[in-house]
1. Which of the residues belonging to the range 217-248 are within 21 Å of residue 146 (Cβ to Cβ), open to solvent by 20 Å² or more (accessible area, probe 1.4 Å) and touching a His at 6+ places or on another chain (Cβ under 7 Å)?
2. Limited to the range 172-203, what total is found for residues that are open to solvent by 80 Å² or more (accessible area, probe 1.4 Å), within 13 Å of the ligand (Cβ to nearest atom) and part of a loop (DSSP other than H, G, I, E, B)?
3. Which condition number in (1) of a type in the set (Asp, Glu); (2) assigned to a helix (DSSP H, G or I); (3) within 16 Å of the ligand (Cβ to nearest atom) is the one that residue 118 fails?
4. Here are some residues: 213, 161. Which one is among the hydrophobic types (A, V, I, L, M, F, W, C), closer than 25 Å to residue 91 by Cα, open to solvent by less than 50 Å² (accessible area, probe 1.4 Å) and modelled with pLDDT of 95 or more?
5. Among the residues of the range 83-115, what is the count of those that are open to solvent by 20 Å² or more (accessible area, probe 1.4 Å), of a type in the set (A, V, I, L, M, F, W, C) and more than 14 Å from the ligand (Cβ to nearest atom)?
6. Please give the number of the condition residue 25 fails out of (1) open to solvent by 30 Å² or more (accessible area, probe 1.4 Å); (2) in contact with a Lys or Arg (Cβ under 8 Å, 6 or more places away or on another chain).
7. Pick out the one residue from 149, 154, 128 that is surrounded by fewer than 24 Cβ atoms within 10 Å (Cβ to Cβ), away from the ligand (no atom under 15 Å from the Cβ) and not in a strand (DSSP E or B).
Amino acid sequence: MIPIKTPEELKRMRVACRLSAEILAEVAAQIRPGLTTGELDAFAAARMRARGVKSAFLGYGGFPGYTCISLNEEVVHGIPGPRAINAGDIVSVDLGVVAEGFVGDNATTVRVGEVDAEAVRLCEVTEASLAAGIAAARAGSRIGDVGHAVQAVAEAAGFSVVRDYCGHGVGRKLHEEPQIPNFGKPGQGPLLKPGMTLAIEPMVNQGTYQVEVLPNRWTVRTLDRRRSAHFEHTVLVAESGPAEILTCAEKK
Ligand code: MG
């Protein structure tokens, strides 16, 4: 069963998503050469404490960080630690918080200083593939339509989509039904209905889509060690039109 959120639940979900987006923006703004991923994670933890929210990732399946920070050839689930961020890196930060009993989940990939043109293009295409997935997440469409939209944008640019990890429903729990692969066939998979809340999160690789998990049992990296980018929003399937992005900062 894919949960449909009630208006009351959505009110709380919106708070969690807004806070998640605001803290992610604060963390992304801190990224600079010389900082370690562990220091960046500690900053995220401090911001979560200051906002009175909890990390949705810390302790999840034993995950040891407040955030997942994945550099360059790392795809997702990077464990924050002593690795230093350098100019020219692309740094993916995945950040989820629990507030009001609900989870908001989002990720972005930050370019540090001068980044080579291919990595810039990788980030731009990945973000565009997320936008395409969100546009395809409409009431009456199916999960396969979302994956297909993401995949079409990524592959048209000559990149590949990761097969082993996918997006997911999100709400009271970090991972709810359905799974949302970043590939698929139009018209296939579960039907989308208004009130569903989904974390759509393309992971796009420069080279092969194949990945491996490091001996730390968490960090996923590309098999060919070429770069990977990751963008994610939590969205709400609307009565009509594209899904509404919930993980956005308060409009000023
Ligand atoms: Mg997620």
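1. Matches in the range 217-248: 245 only.
2. Going through the range 172-203 one residue at a time, the tally reaches 2.
3. Condition (3) is where residue 118 drops out.
4. Details: 213 fails: open to solvent by less than 50 Å² (accessible area, probe 1.4 Å).
The conditions single out 161.
5. The number of residues fulfilling the criteria is 4.
6. Going through (1) open to solvent by 30 Å² or more (accessible area, probe 1.4 Å); (2) in contact with a Lys or Arg (Cβ under 8 Å, 6 or more places away or on another chain) one by one, residue 25 breaks only (2).
7. 128
The values are calculated or read from the model by the stated rules, or taken from the named source; none is laboratory data. Note that the structure is a prediction, hence the values are computed from the model and not measured. Backbone-built Cβ (ideal geometry, glycine too); neighbour counts: all protein chains shown. Ligands, DNA and RNA are stripped out before the accessible areas are found, and what is left, the full protein with its side chains, is counted by its heavy atoms. Shrake-Rupley method; radii C 1.70, N 1.55, O 1.52, S 1.80 Å.
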